[in-house]
Protein chains: 2
Amino acid sequence: MPRHTIEFWFDFSSPYAYFAAQDIDDIGSRADADVAWRPFLLGAAFQVTGVGSLSKTPIRGDYARHDWARLSRQRGIPFRLPANHPYQALAVSRAYYWLEGRDPAAAKGFARAAFRAHFVDNVSLIDPDTVANLAARYGGPRMAALAAIDDPEIKATFKARTQEALSKGVFGSPFFIADGEPFWGQDRMAMMIDWLQGGGW
Amino acid sequence: MPRHTIEFWFDFSSPYAYFAAQDIDDIGSRADADVAWRPFLLGAAFQVTGVGSLSKTPIRGDYARHDWARLSRQRGIPFRLPANHPYQALAVSRAYYWLEGRDPAAAKGFARAAFRAHFVDNVSLIDPDTVANLAARYGGPRMAALAAIDDPEIKATFKARTQEALSKGVFGSPFFIADGEPFWGQDRMAMMIDWLQGGGW
(Lines give C-alpha, C1' and ligand atoms only; values in the text may rest on other atoms or scores of the structure.)
Protein backbone atom coordinates (compact mmCIF):
# COMPACT_ATOMS: atom_id res chain seq x y z
CA MET A 1 0.00 0.00 0.00
CA PRO A 2 1.37 3.45 -0.92
CA ARG A 3 2.04 5.69 2.07
CA HIS A 4 0.28 8.72 0.59
CA THR A 5 -2.87 9.58 -1.35
CA ILE A 6 -3.41 12.19 -4.04
CA GLU A 7 -6.88 13.08 -5.26
CA PHE A 8 -6.55 14.52 -8.76
CA TRP A 9 -9.71 16.58 -9.33
CA PHE A 10 -10.28 17.81 -12.88
CA ASP A 11 -12.77 18.68 -15.58
CA PHE A 12 -12.20 16.87 -18.89
CA SER A 13 -12.63 20.16 -20.76
CA SER A 14 -9.76 21.86 -18.87
CA PRO A 15 -6.48 22.35 -20.81
CA TYR A 16 -4.49 22.79 -17.58
CA ALA A 17 -5.89 19.44 -16.40
CA TYR A 18 -4.70 17.87 -19.68
CA PHE A 19 -1.17 19.10 -18.99
CA ALA A 20 -1.32 17.95 -15.36
CA ALA A 21 -2.56 14.51 -16.46
CA GLN A 22 0.76 13.93 -18.28
CA ASP A 23 2.69 13.98 -14.99
CA ILE A 24 0.39 13.08 -12.14
CA ASP A 25 0.91 9.30 -12.11
CA ASP A 26 4.72 9.64 -12.33
CA ILE A 27 4.56 12.08 -9.43
CA GLY A 28 2.46 9.58 -7.51
CA SER A 29 4.96 6.77 -8.15
CA ARG A 30 7.96 8.84 -7.09
CA ALA A 31 6.18 10.12 -3.96
CA ASP A 32 4.82 6.67 -3.00
CA ALA A 33 1.28 7.97 -3.38
CA ASP A 34 -1.88 6.36 -4.69
CA VAL A 35 -3.45 8.70 -7.27
CA ALA A 36 -7.26 8.75 -7.59
CA TRP A 37 -8.47 10.45 -10.79
CA ARG A 38 -11.62 12.38 -9.94
CA PRO A 39 -13.46 14.10 -12.81
CA PHE A 40 -16.04 16.66 -11.68
CA LEU A 41 -18.16 19.36 -13.27
CA LEU A 42 -16.20 22.60 -12.97
CA GLY A 43 -19.29 24.61 -13.88
CA ALA A 44 -20.82 23.61 -10.55
CA ALA A 45 -17.89 25.23 -8.72
CA PHE A 46 -18.21 28.35 -10.87
CA GLN A 47 -21.79 28.69 -9.62
CA VAL A 48 -20.53 28.79 -6.03
CA THR A 49 -17.56 31.11 -6.56
CA GLY A 50 -19.19 33.35 -9.16
CA VAL A 51 -16.04 33.02 -11.27
CA GLY A 52 -16.66 32.04 -14.88
CA SER A 53 -14.83 29.95 -17.45
CA LEU A 54 -11.24 31.17 -17.86
CA SER A 55 -11.28 31.15 -21.62
CA LYS A 56 -14.47 33.22 -21.75
CA THR A 57 -13.14 35.88 -19.32
CA PRO A 58 -11.85 39.09 -20.95
CA ILE A 59 -8.02 39.44 -20.99
CA ARG A 60 -7.59 36.29 -18.84
CA GLY A 61 -8.86 34.19 -21.74
CA ASP A 62 -6.26 35.64 -24.14
CA TYR A 63 -3.54 35.02 -21.57
CA ALA A 64 -4.69 31.44 -21.03
CA ARG A 65 -4.64 30.63 -24.76
CA HIS A 66 -1.13 32.08 -25.02
CA ASP A 67 -0.09 30.15 -21.91
CA TRP A 68 -1.42 26.78 -23.11
CA ALA A 69 0.46 27.15 -26.41
CA ARG A 70 3.77 27.97 -24.71
CA LEU A 71 3.32 25.24 -22.06
CA SER A 72 2.95 22.83 -24.97
CA ARG A 73 6.21 24.10 -26.52
CA GLN A 74 8.10 24.29 -23.22
CA ARG A 75 7.11 20.78 -22.17
CA GLY A 76 7.07 19.17 -25.61
CA ILE A 77 3.46 18.06 -25.11
CA PRO A 78 1.24 18.24 -28.21
CA PHE A 79 -1.77 20.54 -27.79
CA ARG A 80 -4.36 22.11 -30.08
CA LEU A 81 -7.29 23.98 -28.56
CA PRO A 82 -10.51 22.44 -29.93
CA ALA A 83 -13.00 24.70 -31.69
CA ASN A 84 -15.76 23.72 -29.25
CA HIS A 85 -13.74 24.61 -26.13
CA PRO A 86 -14.99 24.61 -23.39
CA TYR A 87 -17.64 21.87 -23.44
CA GLN A 88 -19.81 20.19 -20.82
CA ALA A 89 -17.94 16.97 -20.11
CA LEU A 90 -20.93 14.88 -19.02
CA ALA A 91 -20.69 11.79 -21.24
CA VAL A 92 -16.95 11.29 -20.82
CA SER A 93 -17.05 11.82 -17.03
CA ARG A 94 -19.89 9.36 -16.59
CA ALA A 95 -18.13 6.80 -18.78
CA TYR A 96 -15.02 7.27 -16.62
CA TYR A 97 -16.84 6.46 -13.37
CA TRP A 98 -18.60 3.50 -14.99
CA LEU A 99 -15.25 2.08 -16.14
CA GLU A 100 -13.68 2.82 -12.76
CA GLY A 101 -16.31 0.60 -11.10
CA ARG A 102 -15.16 -2.26 -13.37
CA ASP A 103 -11.40 -1.63 -13.53
CA PRO A 104 -9.70 1.48 -12.08
CA ALA A 105 -6.52 1.08 -14.18
CA ALA A 106 -8.53 0.79 -17.38
CA ALA A 107 -10.48 3.90 -16.39
CA LYS A 108 -7.23 5.88 -16.12
CA GLY A 109 -6.18 4.62 -19.55
CA PHE A 110 -9.54 5.75 -20.90
CA ALA A 111 -9.15 9.19 -19.27
CA ARG A 112 -5.70 9.66 -20.82
CA ALA A 113 -7.01 8.59 -24.21
CA ALA A 114 -9.98 10.97 -23.88
CA PHE A 115 -7.67 13.90 -23.07
CA ARG A 116 -5.48 13.00 -26.04
CA ALA A 117 -8.41 12.58 -28.42
CA HIS A 118 -9.76 15.98 -27.43
CA PHE A 119 -6.66 18.14 -27.03
CA VAL A 120 -4.44 16.54 -29.70
CA ASP A 121 -6.87 15.26 -32.35
CA ASN A 122 -9.66 17.71 -31.48
CA VAL A 123 -12.32 15.00 -31.27
CA SER A 124 -15.54 16.34 -29.73
CA LEU A 125 -16.49 14.30 -26.65
CA ILE A 126 -20.01 15.62 -26.35
CA ASP A 127 -21.58 12.81 -28.37
CA PRO A 128 -22.22 9.64 -26.27
CA ASP A 129 -21.49 7.46 -29.33
CA THR A 130 -17.96 8.84 -29.66
CA VAL A 131 -17.34 8.34 -25.95
CA ALA A 132 -18.73 4.79 -26.02
CA ASN A 133 -16.41 3.90 -28.93
CA LEU A 134 -13.47 5.14 -26.88
CA ALA A 135 -14.63 3.27 -23.76
CA ALA A 136 -14.86 0.07 -25.82
CA ARG A 137 -11.07 0.22 -26.28
CA TYR A 138 -10.69 0.03 -22.49
CA GLY A 139 -12.78 -3.04 -21.82
CA GLY A 140 -16.22 -1.46 -21.55
CA PRO A 141 -18.43 -3.07 -24.22
CA ARG A 142 -19.74 -0.36 -26.57
CA MET A 143 -23.47 -0.92 -25.99
CA ALA A 144 -22.98 -1.20 -22.21
CA ALA A 145 -20.98 2.06 -22.23
CA LEU A 146 -23.75 3.81 -24.16
CA ALA A 147 -26.30 2.58 -21.63
CA ALA A 148 -24.08 3.61 -18.70
CA ILE A 149 -23.80 7.20 -19.95
CA ASP A 150 -27.58 7.43 -19.67
CA ASP A 151 -27.92 5.33 -16.49
CA PRO A 152 -29.49 7.22 -13.54
CA GLU A 153 -27.13 5.46 -11.12
CA ILE A 154 -24.00 6.53 -13.04
CA LYS A 155 -25.40 10.05 -13.39
CA ALA A 156 -25.91 10.11 -9.63
CA THR A 157 -22.33 8.92 -9.07
CA PHE A 158 -20.95 11.78 -11.15
CA LYS A 159 -23.20 14.27 -9.36
CA ALA A 160 -22.07 12.93 -5.99
CA ARG A 161 -18.40 13.26 -6.99
CA THR A 162 -19.02 16.86 -8.04
CA GLN A 163 -20.70 17.54 -4.69
CA GLU A 164 -17.79 15.87 -2.93
CA ALA A 165 -15.41 18.22 -4.78
CA LEU A 166 -17.35 21.29 -3.68
CA SER A 167 -17.56 20.04 -0.09
CA LYS A 168 -13.75 19.64 -0.09
CA GLY A 169 -13.20 23.20 -1.31
CA VAL A 170 -12.29 22.31 -4.90
CA PHE A 171 -12.94 25.36 -7.10
CA GLY A 172 -10.65 24.95 -10.11
CA SER A 173 -9.15 22.39 -12.48
CA PRO A 174 -6.79 20.76 -11.88
CA PHE A 175 -6.99 20.69 -8.10
CA PHE A 176 -5.04 18.25 -5.96
CA ILE A 177 -5.66 17.03 -2.42
CA ALA A 178 -2.52 15.34 -1.11
CA ASP A 179 -2.95 13.68 2.28
CA GLY A 180 -5.71 16.23 2.93
CA GLU A 181 -3.68 19.28 1.82
CA PRO A 182 -5.21 21.28 -1.09
CA PHE A 183 -3.20 22.50 -4.10
CA TRP A 184 -4.83 24.44 -6.91
CA GLY A 185 -3.39 24.48 -10.37
CA GLN A 186 -0.96 22.70 -12.64
CA ASP A 187 1.75 25.16 -11.59
CA ARG A 188 1.54 24.04 -7.96
CA MET A 189 2.51 20.41 -8.56
CA ALA A 190 6.10 21.12 -7.46
CA MET A 191 4.83 22.48 -4.15
CA MET A 192 2.69 19.36 -3.70
CA ILE A 193 5.74 17.14 -4.26
CA ASP A 194 7.64 19.12 -1.62
CA TRP A 195 4.71 18.64 0.77
CA LEU A 196 4.55 14.87 0.17
CA GLN A 197 8.30 14.55 0.65
CA GLY A 198 7.89 15.90 4.13
CA GLY A 199 8.43 19.61 3.66
CA GLY A 200 6.55 19.80 6.93
CA TRP A 201 5.53 23.42 6.60
CA MET B 1 23.14 47.91 -19.23
CA PRO B 2 21.34 44.66 -18.34
CA ARG B 3 20.43 42.55 -21.34
CA HIS B 4 16.84 41.94 -20.23
CA THR B 5 13.93 43.84 -18.71
CA ILE B 6 11.31 42.67 -16.22
CA GLU B 7 8.25 44.76 -15.46
CA PHE B 8 6.97 43.74 -12.01
CA TRP B 9 3.31 44.79 -11.90
CA PHE B 10 1.62 44.58 -8.52
CA ASP B 11 -0.96 46.02 -6.16
CA PHE B 12 0.40 46.96 -2.72
CA SER B 13 -2.57 45.20 -1.08
CA SER B 14 -1.77 41.84 -2.71
CA PRO B 15 -0.20 39.16 -0.45
CA TYR B 16 1.11 37.20 -3.44
CA ALA B 17 2.87 40.38 -4.60
CA TYR B 18 4.44 40.71 -1.15
CA PHE B 19 5.90 37.20 -1.48
CA ALA B 20 7.08 37.89 -5.04
CA ALA B 21 8.72 41.14 -3.93
CA GLN B 22 11.12 39.14 -1.72
CA ASP B 23 12.71 37.48 -4.76
CA ILE B 24 12.22 39.66 -7.80
CA ASP B 25 15.39 41.73 -7.59
CA ASP B 26 17.59 38.67 -6.96
CA ILE B 27 15.98 37.03 -9.98
CA GLY B 28 16.71 40.16 -11.99
CA SER B 29 20.36 40.16 -10.93
CA ARG B 30 20.88 36.51 -11.75
CA ALA B 31 19.11 36.84 -15.11
CA ASP B 32 20.93 40.07 -16.04
CA ALA B 33 17.61 41.90 -16.13
CA ASP B 34 16.63 45.41 -15.11
CA VAL B 35 13.54 45.18 -12.85
CA ALA B 36 10.98 48.00 -12.97
CA TRP B 37 8.57 47.95 -10.01
CA ARG B 38 5.15 48.98 -11.30
CA PRO B 39 2.34 49.41 -8.75
CA PHE B 40 -1.12 49.60 -10.30
CA LEU B 41 -4.72 49.50 -9.11
CA LEU B 42 -5.85 45.87 -9.34
CA GLY B 43 -9.48 46.92 -8.90
CA ALA B 44 -9.34 48.55 -12.33
CA ALA B 45 -8.44 45.20 -13.89
CA PHE B 46 -11.24 43.50 -11.96
CA GLN B 47 -13.69 45.89 -13.61
CA VAL B 48 -12.54 44.70 -17.04
CA THR B 49 -12.39 40.96 -16.29
CA GLY B 50 -15.44 40.83 -14.03
CA VAL B 51 -13.38 38.81 -11.55
CA GLY B 52 -13.47 40.10 -7.98
CA SER B 53 -10.99 40.23 -5.13
CA LEU B 54 -9.62 36.77 -4.38
CA SER B 55 -10.07 37.01 -0.63
CA LYS B 56 -13.71 38.05 -1.01
CA THR B 57 -14.58 35.18 -3.37
CA PRO B 58 -16.33 32.19 -1.77
CA ILE B 59 -14.12 29.08 -1.32
CA ARG B 60 -11.23 30.71 -3.23
CA GLY B 61 -10.78 33.19 -0.39
CA ASP B 62 -10.44 30.42 2.20
CA TYR B 63 -7.93 28.64 0.00
CA ALA B 64 -5.91 31.84 -0.49
CA ARG B 65 -5.70 32.53 3.26
CA HIS B 66 -4.54 28.95 3.83
CA ASP B 67 -2.06 29.29 0.96
CA TRP B 68 -0.51 32.55 2.20
CA ALA B 69 0.07 31.06 5.65
CA ARG B 70 1.78 27.96 4.30
CA LEU B 71 3.85 29.94 1.75
CA SER B 72 5.09 31.96 4.71
CA ARG B 73 6.07 28.76 6.57
CA GLN B 74 7.53 27.03 3.50
CA ARG B 75 9.64 30.03 2.51
CA GLY B 76 10.45 31.30 5.99
CA ILE B 77 8.99 34.71 5.15
CA PRO B 78 7.07 36.43 7.98
CA PHE B 79 3.43 37.16 7.09
CA ARG B 80 0.32 38.20 8.99
CA LEU B 81 -2.84 39.08 7.08
CA PRO B 82 -3.93 42.59 8.16
CA ALA B 83 -7.45 43.07 9.48
CA ASN B 84 -8.24 45.65 6.80
CA HIS B 85 -7.23 43.40 3.89
CA PRO B 86 -7.73 44.18 1.02
CA TYR B 87 -7.42 47.97 0.91
CA GLN B 88 -7.26 50.57 -1.85
CA ALA B 89 -3.55 51.26 -2.18
CA LEU B 90 -3.81 54.82 -3.48
CA ALA B 91 -1.58 56.80 -1.10
CA VAL B 92 1.28 54.28 -1.07
CA SER B 93 1.25 53.82 -4.87
CA ARG B 94 1.30 57.57 -5.49
CA ALA B 95 4.13 58.04 -3.00
CA TYR B 96 6.01 55.27 -4.81
CA TYR B 97 5.82 57.00 -8.20
CA TRP B 98 6.71 60.34 -6.64
CA LEU B 99 9.83 58.84 -5.06
CA GLU B 100 10.69 57.00 -8.27
CA GLY B 101 10.82 60.32 -10.09
CA ARG B 102 13.45 61.47 -7.58
CA ASP B 103 15.43 58.27 -7.03
CA PRO B 104 14.36 54.86 -8.43
CA ALA B 105 16.50 52.85 -5.97
CA ALA B 106 15.04 54.70 -2.99
CA ALA B 107 11.55 54.08 -4.36
CA LYS B 108 12.21 50.31 -4.36
CA GLY B 109 13.46 50.55 -0.78
CA PHE B 110 10.27 52.37 0.12
CA ALA B 111 8.12 49.74 -1.62
CA ARG B 112 9.85 46.92 0.27
CA ALA B 113 9.40 48.78 3.56
CA ALA B 114 5.73 49.43 2.78
CA PHE B 115 5.11 45.74 2.08
CA ARG B 116 6.88 44.82 5.32
CA ALA B 117 5.02 47.41 7.38
CA HIS B 118 1.69 46.15 6.07
CA PHE B 119 2.15 42.37 5.92
CA VAL B 120 4.47 41.89 8.90
CA ASP B 121 3.57 44.70 11.30
CA ASN B 122 0.01 45.13 10.00
CA VAL B 123 0.33 48.90 9.62
CA SER B 124 -2.59 50.35 7.66
CA LEU B 125 -1.35 52.25 4.61
CA ILE B 126 -4.58 54.01 3.83
CA ASP B 127 -3.73 57.14 5.79
CA PRO B 128 -1.53 59.61 3.82
CA ASP B 129 0.24 60.66 7.04
CA THR B 130 1.47 57.14 7.72
CA VAL B 131 2.67 56.79 4.13
CA ALA B 132 4.43 60.17 4.21
CA ASN B 133 6.25 59.19 7.40
CA LEU B 134 7.49 56.05 5.65
CA ALA B 135 8.49 57.98 2.52
CA ALA B 136 10.51 60.36 4.68
CA ARG B 137 12.81 57.46 5.57
CA TYR B 138 13.63 57.08 1.86
CA GLY B 139 14.63 60.64 1.08
CA GLY B 140 11.24 62.16 0.35
CA PRO B 141 10.70 65.01 2.85
CA ARG B 142 7.57 64.35 4.88
CA MET B 143 5.63 67.47 3.91
CA ALA B 144 6.58 67.10 0.25
CA ALA B 145 5.45 63.46 0.35
CA LEU B 146 2.11 64.49 1.85
CA ALA B 147 1.64 67.08 -0.89
CA ALA B 148 2.65 64.57 -3.60
CA ILE B 149 0.00 62.07 -2.48
CA ASP B 150 -2.61 64.74 -3.23
CA ASP B 151 -0.90 66.22 -6.30
CA PRO B 152 -3.01 65.99 -9.51
CA GLU B 153 0.11 65.27 -11.55
CA ILE B 154 1.13 62.31 -9.35
CA LYS B 155 -2.46 61.06 -9.33
CA ALA B 156 -2.41 61.22 -13.13
CA THR B 157 0.88 59.29 -13.22
CA PHE B 158 -0.60 56.46 -11.15
CA LYS B 159 -3.74 56.41 -13.30
CA ALA B 160 -1.62 56.29 -16.45
CA ARG B 161 0.40 53.35 -15.07
CA THR B 162 -2.81 51.51 -14.27
CA GLN B 163 -4.05 52.16 -17.81
CA GLU B 164 -0.69 50.97 -19.14
CA ALA B 165 -1.11 47.76 -17.15
CA LEU B 166 -4.55 47.13 -18.61
CA SER B 167 -3.35 47.91 -22.14
CA LYS B 168 -0.57 45.31 -21.70
CA GLY B 169 -3.02 42.62 -20.60
CA VAL B 170 -2.17 42.71 -16.90
CA PHE B 171 -5.12 41.30 -14.93
CA GLY B 172 -3.68 40.01 -11.66
CA SER B 173 -1.05 40.69 -9.02
CA PRO B 174 1.79 39.98 -9.26
CA PHE B 175 2.14 39.97 -13.03
CA PHE B 176 5.49 40.01 -14.81
CA ILE B 177 6.39 41.08 -18.33
CA ALA B 178 9.86 39.77 -19.18
CA ASP B 179 11.20 41.02 -22.51
CA GLY B 180 7.57 41.38 -23.60
CA GLU B 181 6.48 37.92 -22.43
CA PRO B 182 3.65 37.89 -19.82
CA PHE B 183 3.69 35.72 -16.67
CA TRP B 184 0.85 35.81 -14.17
CA GLY B 185 1.37 34.87 -10.56
CA GLN B 186 4.03 34.35 -7.96
CA ASP B 187 4.06 30.64 -8.81
CA ARG B 188 5.18 31.35 -12.39
CA MET B 189 8.46 33.05 -11.50
CA ALA B 190 10.39 29.82 -12.20
CA MET B 191 8.92 29.72 -15.70
CA MET B 192 9.92 33.35 -16.23
CA ILE B 193 13.51 32.54 -15.23
CA ASP B 194 13.54 29.68 -17.74
CA TRP B 195 12.28 32.08 -20.41
CA LEU B 196 14.94 34.70 -19.63
CA GLN B 197 17.67 32.07 -19.66
CA GLY B 198 16.76 31.30 -23.23
CA GLY B 199 14.26 28.48 -22.89
CA GLY B 200 13.32 29.56 -26.38
CA TRP B 201 9.89 27.98 -26.38
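Summary table below
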{"read-out": "Residue tally, condition surrounded by fewer than 18 Cβ atoms within 10 Å (Cβ to Cβ) and either at pLDDT 95 or above or more than 14 Å from chain A (Cβ to nearest Cβ) (or both), over the range B:8-54", "value": "10"}
{"read-out": "Single residue of A:Asp121, A:Asp129 found to be at pLDDT 95 or above, out of contact with any Phe, Trp or Tyr (no Cβ under 9 Å at 6 or more places or on another chain) and either assigned to a loop (DSSP other than H, G, I, E, B) or surrounded by 15 or more Cβ atoms within 10 Å (Cβ to Cβ) (or both)", "value": "A:Asp121"}
{"read-out": "Selection within the range A:33-73 - out of contact with any helix residue (DSSP H, G or I) (no Cβ under 8 Å at 6 or more places or on another chain) and among the charged types (D, E, K, R)", "value": "A:Lys56, A:Asp62, A:Asp67, A:Arg70, A:Arg73"}
{"read-out": "Residue count for the range B:183-192, restricted to those that are in contact with a helix residue (DSSP H, G or I) (Cβ under 6 Å, 6 or more places away or on another chain) and touching a residue at least 60 places away in the same chain (Cβ under 8 Å)", "value": "1"}
{"read-out": "Test result for A:Ala160, crowded, with 22+ Cβ neighbours inside 10 Å and closer than 17 Å to A:Phe40 by Cα", "value": "no"}
{"read-out": "Pairs where the first residue, in the range B:157-177, is over 16 Å from A:Asp62 (Cα atoms) and the second is among the basic types (Lys, Arg), C-beta under 7 Å, 6+ apart", "value": "B:Phe158/B:Arg94; B:Arg161/B:Arg38"}
{"read-out": "Unique residue being more than 12 Å from every other protein chain (Cβ to nearest Cβ), under 17 Å from the mean Cα position of the chain (by Cα) and either of a type outside the set (Ser, Thr, Tyr) or closer than 27 Å to A:Gly180 by Cβ (or both) when the list is A:His4, A:His85", "value": "A:His85"}
{"read-out": "Every residue from the range A:99-109 that is of a type outside the set (A, V, I, L, M), surrounded by fewer than 16 Cβ atoms within 10 Å (Cβ to Cβ) and part of a helix (DSSP H, G or I)", "value": "A:Gly101, A:Arg102, A:Pro104, A:Gly109"}
{"read-out": "Subset of the range A:125-181 [polar (S, T, N, Q) and within 28 Å of A:Thr5 (Cβ to Cβ)]", "value": "A:Thr157, A:Thr162, A:Gln163, A:Ser167, A:Ser173"}
{"read-out": "Checking B:Met191 against (1) within 22 Å of B:Ala107 (Cα to Cα); (2) buried (at least 18 other Cβ atoms within 10 Å of the Cβ), the condition it does not meet", "value": "(1)"}
{"read-out": "A:Arg112 vs. criteria basic (Lys, Arg), buried (at least 17 other Cβ atoms within 10 Å of the Cβ) and assigned to a helix (DSSP H, G or I)", "value": "no"}
{"read-out": "Number of the exception - B:Gly76 against (1) within 14 Å of chain A (Cβ to nearest Cβ); (2) surrounded by fewer than 15 Cβ atoms within 10 Å (Cβ to Cβ); (3) touching a helix residue (DSSP H, G or I) at 6+ places or on another chain (Cβ under 8 Å)", "value": "(3)"}
{"read-out": "Counted residues, the range B:87-96 - those being surrounded by fewer than 19 Cβ atoms within 10 Å (Cβ to Cβ) and either modelled with pLDDT under 95 or not hydrophobic (A, V, I, L, M, F, W, C) (or both)", "value": "2"}
{"read-out": "Residues (under 15 Å from A:Tyr18 (Cα atoms) and open to solvent by 40 Å² or more (accessible area, probe 1.4 Å)) located in the range A:55-68", "value": "A:Arg65"}
{"read-out": "Given (1) free of Cβ contacts under 8 Å to residues at least 40 places away in the same chain; (2) open to solvent by 40 Å² or more (accessible area, probe 1.4 Å), number of the condition A:Asn84 does not satisfy", "value": "(1)"}
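Residues checked against (1) under 24 Å from B:Gly43 (Cα atoms); (2) in contact (Cβ under 8 Å) with a residue 60 or more places away in the chain; (3) of a type outside the set (D, E, K, R):
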{"site": "B:Leu90", "(1), (2), (3)": "yes, yes, yes"}
{"site": "B:Ser93", "(1), (2), (3)": "yes, yes, yes"}
{"site": "B:Ala105", "(1), (2), (3)": "no, no, yes"}
{"site": "B:Gly109", "(1), (2), (3)": "no, no, yes"}
{"site": "B:Phe115", "(1), (2), (3)": "yes, yes, yes"}
{"site": "B:Asn122", "(1), (2), (3)": "yes, no, yes"}
{"site": "B:Thr130", "(1), (2), (3)": "yes, no, yes"}
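The values are calculated or read from the model by the stated rules, or taken from the named source; none is laboratory data. On a predicted model such as this, the values are computed, not experimentally measured, just so you know. FYI the Cβ positions are ideal-geometry reconstructions off the backbone, even for glycines, and counts take in every protein chain you see. Quick note on the areas: whole protein, heavy atoms, side chains included, nothing else; ligands and nucleic acids left out. Shrake-Rupley method; radii C 1.70, N 1.55, O 1.52, S 1.80 Å.
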